[in-house]
1. Rounded to the nearest 0.05, what FRET efficiency is calculated for residue 112 and residue 142 with R0 set to 35 Å and r the Cβ-Cβ distance?
2. If you take the square roots of the eigenvalues of the alpha-carbon gyration tensor of the range 31-184 and sort them as a ≥ b ≥ c, do you get rounded (a/c under 1.5), prolate (a/b over b/c) or oblate?
3. Which of the peptides 39-46, 132-139 is most tightly packed, and how do the rest follow, judged by the mean count of other Cβ atoms within 10 Å per residue?
4. Would you mind checking the pairs 45/87; 45/91; 58/185; 45/104; 105/141 and listing those with alpha carbons more than 28 angstrom apart?
Amino acid sequence: MTTIKPLMICLLFASLAGSARGAQAAPAKEALQGDLVGQVDFVEKRILDLADAVPQDKYTWRPAPGVRSIAEVYLHIAFANYGLGGKVTGKTPPASAGFGGDPKKWDTQTTDKAAIKKILTASFDWVKEAIKGVPDKDLDKTFDFFGHKMSTRSGLITIVNHQHEHFGQSIAYARSNNVVPPWSKGE
């Protein structure tokens, strides 16, 4: 009998702890969008930290002729935040971004590290707000994505996938230039 009481108390506390965790983790009104914004926050911080760690004189480095330079990769991320973000969410990038939709022109607009950081930050801020603004009822709507029908849900996931793809590319570029990503020092 004395063994049952501690067991019951443990089960009660486990149940209460699970309920408390469940209450804290209760899905927000737009749960997917919140999760994706969390992913964007994560990758944004890492990309900006890496951009800070790469010296200005390496921003024109490219692994081979015809391949994007370090600066061009960062600008391409911003381009997709506006371009893909706009296509998926139906929102228009702000005029202040100067987004014209021409990737070649956009990706080569500057090699200045400080300017690129501002462009990246503004694009991340914008795309996060655009993602937050998509109501759940629109997640199953479809749009044309380079000749393929895609749901808004899939498009939102693609935005984050694209960011992570070029984040990985940026890590490889940095390491090719003997720049250790700040978060991995000591590993």
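Read-outs throughout are calculated quantities, based only on the coordinates presented, and are distinct from any laboratory measurement. Every value quoted in this text rests on a predicted model; they were computed, and no experiment measured them. As a convention, Cβ positions derive from the backbone with ideal geometry for all residues, glycine included, and neighbour counts pool all protein chains shown.
1. The calculated FRET efficiency here is 0.35.
2. Here the range 31-184 falls in the prolate category.
3. Highest to lowest by the protection proxy: 39-46, 132-139.
4. Numbers: 45/87 24 Å; 45/91 24 Å; 58/185 20 Å; 45/104 25 Å; 105/141 31 Å.
Table pairs above 28 Å Cα-Cα are 105/141.
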